[in-house]
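Undergrad: Just dropping this structure here.
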Amino acid sequence: MHSLRHQATRLGQMLTFATLMAACGVAAADAERLEADLRALFGEGGTLSLGEVSSAMLRSRTTAEDIVFEAEEGERLLIERYIVSGDYDAPDEVTLEGIRIEDSLTELTLMSVDRLVLGEPSRAVFPLHAELAPEEVSVASLAVDGIVLELASELAEELFFDTPLQKGQGRMTIERVRGESLTHDAIGMLELTGIDGVAEELDEIGSGSFSLASLRLEGLTGIDTEGEEKLASLLLSDLAVESRELVGSLALLDIDGDFDDGKGGMRLERLHVDLARMIELAPEEERTQLRMASNVLTDGSGELRLDAAFLGSWQEKGEHSVLVSDSQIDVQDALRLLLDINLPVQLPSGVTPADAFADTEWLERATLLGGDMRLSLSDQGLFARLATLGAAMEGITEAQYIEQARTQAQGLGMMFGPEAQAVLLGLVELLEGSAEELEVRANLPAESTVASYKADPLGLPEKLNIKVETR
């Protein structure tokens, strides 16, 4: 009995030893594969040096340290650690730490990244020069922290679509980047937060600074085919820019491009443009005309403030559909513009509501089943200032300028019809202050097509049964 127990113990020890030896063999093989893949990745057009390449058997981790690649063009890439976690053929994560790209001649750091993590990538190392099948390129998640980019470099020029940025000085930092479901032709989600930039006499950008709290996009597809790109949503928060061409800020830009749920559109909140500051930075010979335009738009404050929304929805009504659009532009102390559309349509065969929003060409083939549109223009001070400016520029009184505008409106109305004349005369009423709001309503006939309107554009006002009111 004792002999049997002794033999079983020996057998167990042998199996354990064999298992450990096999695991060590796998770990050593993974280290060799990582080194070979890295040499294949960087081996062309430069020289590569590697520090220690090792595998941690118990933690299933393969690590290459102190990677230095010297490119023939004069750039140097340094990576402190390249870590593959999990099965080498199907990694749980690939982590790069301490990434730097340097100019080997000046020792200037062109770009640095504290840490980059790829979650469940399809490969441990993505070759730069090999042709991979689409299914071989995917990453479940992306996390990048601490990005610093020197803008006055060829690297920045390549990243920013060949914009020349090699003169002057500039730097951009990104606190973090997060992504999900990344493939060769689509991005499930990508979010950048804590973006700041500064430039001094930087080529076309000039001098200035910008900051952006966050930029998030979702559902970006078709990125590998020009013209086929589609974006489900984009959300931009707290943008501030100060440069020679633009001084201003934007609290929110929200774009909903996914119309599969029957609605979408764009919202713009608290756009602020400091026209006074921009005029100070403009060439001296341009300032007078710019100040005149600024005074008209902002009532002399020099600060343009705007909110806008362009929203649409699609409602199914039995055998036909109804397109509802609600758009609004509000320029503080200037004007407010509202556009409401209620348009019953019979869609062409095979066209979905999402298709209709994505491509307006469907209107060419759709049957319009009546409907109505309303355009409302409310004066909040702009038209009175336009009358004052127009009179001053022509050297006449405001009363004379308004009467001249009225005569021109009547003349044009004789050419284009009573509906057009009513709209023009309504604008004159806004100029003279006898009205504060102009409203134009149009009712479509029971059945029509866009082609019929294109064939006779001058007859459009009569066909649409346009009515004009001022209040």
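The values are calculated or read from the model by the stated rules, or taken from the named source; none is laboratory data. Being a predicted model, the structure only gives us computed values, none of them experimental. Note: ideal-geometry Cβ built from the backbone for every residue, glycine included; neighbour counts use all protein chains shown. The protein model used for the area step is the full one, side chains on, heavy atoms only, and it has no ligands, DNA or RNA in it. Shrake-Rupley method; radii C 1.70, N 1.55, O 1.52, S 1.80 Å.
Undergrad: Which Rg and Dmax, in Å, describe the Cα atoms of the chain?
TA: Answer for the chain, Rg first and Dmax second: 32.3, 124 Å.
Undergrad: Another one. Please work out how much accessible surface Ile341 shows to a 1.4 Å probe, ignoring ligands, DNA and RNA, in Å² rounded to 10.
TA: Here the accessible area works out near 40 Å².
Undergrad: Here is a further query. Between Leu464 and residues 5 or more places away or on another chain, which pairs have amide H atoms under 5 Å apart, with H built 1.01 Å from N, and which residues are they?
TA: Hits under the 5 Å cutoff: none.
Undergrad: What's the center-to-center distance, using Cα atoms, between the range 224-238 and the range 254-289 in Å?
TA: 19
Undergrad: Sort the range 361-434 into rounded, prolate or oblate with this rule: let a ≥ b ≥ c be the square roots of the eigenvalues of the Cα gyration tensor; rounded if a/c is under 1.5, and if a/c is not under 1.5, prolate when a/b is larger than b/c, oblate otherwise.
TA: prolate
Undergrad: Apply the Karplus parameterisation 6.51 cos²θ - 1.76 cosθ + 1.60, with θ equal to phi minus 60°, to every residue of the range 78-86 and state each ³J(HN,Hα) to the nearest whole Hz, in sequence, with x for glycine and proline.
TA: Computed from phi, the couplings for the range 78-86 are 10, 10, 5, 8, 10, 10, 10, 10, x Hz.
Undergrad: May I ask you to give the percent of accessible area on the range 190-269 that is carbon plus sulfur, with a probe radius of 1.4 Å?
TA: Taking all protein chains in place, the range 190-269 shows 54 percent carbon and sulfur surface.
Undergrad: Just to check I understand the Karplus step: with θ = phi - 60° and J = 6.51 cos²θ - 1.76 cosθ + 1.60, what whole-Hz values come out for the range 103-109, glycine and proline as x?
TA: 7, 5, 7, 9, 6, 6, 7
Undergrad: Divide by every residue of the chain the summed helix terms, -39500 (n - 2.57) for each DSSP H run of at least 4, and state the resulting mean residue ellipticity at 222 nm, rounded to the nearest 500 deg cm²/dmol.
TA: My calculation for the chain gives -8500 deg cm²/dmol from helical runs alone.
Undergrad: Using only Cα atoms, find the angle between the long axis of helix 382-394 and the longest principal axis of the chain, and express it within 0 to 90 degrees, rounded to the nearest 10.
TA: Roughly 70 degrees, rounded to the nearest 10.
Undergrad: Any idea which of Gly197, Ala420, Leu149 is furthest toward the positive side of the dipole for the chain, if Lys and Arg beta-carbons carry +1 and Asp and Glu beta-carbons -1?
TA: Farthest towards the positive pole: Ala420.
Undergrad: Let me ask you something else. Counting heavy atoms of the protein chains only and a 1.4 Å probe, report the per residue accessible area for the chain as a whole number of Å².
TA: Per-residue accessible area for the chain comes out at 56 Å².
Undergrad: How large is the accessible surface of Val198 in square angstrom, using a 1.4 angstrom probe and rounding to the nearest 10?
TA: It works out to around 80 Å².
Undergrad: Which order do the peptides 214-221, 144-151, 457-464 take when ranked by the mean count of other beta-carbon atoms within 10 Å per residue, highest first?
TA: Final packing ranking: 144-151, 214-221, 457-464.
Undergrad: A follow-up question, please. Looking at the range 261-322, I'd like the Rg to Rh ratio, where Rg is from alpha-carbon atoms and Rh is Kirkwood's inverse mean 1/r.
TA: Over the Cα atoms of the range 261-322, Rg/Rh equals 1.35.
Undergrad: Further, regarding this structure: Grab the Cα-Cα distance for Glu131 and Leu311, subtract it from 0.36 nm times how many residues apart they are, and report the gain in nm with one decimal.
TA: 60.5 nm
Undergrad: At what distance in angstrom do the alpha carbon centres of the range 312-327 and the range 89-111 lie from each other?
TA: Here the answer is 51 Å between Cα centres.
Undergrad: A follow-up question, please. Which ³J(HN,Hα) values in Hz, rounded to whole numbers, follow from the phi angles of the range 446-453 under the Karplus curve 6.51 cos²θ - 1.76 cosθ + 1.60, where θ = phi - 60° and Gly and Pro get x?
TA: Calculated HN-Hα couplings, in order: 4, 8, 7, 9, 4, 4, 5, 6 Hz.
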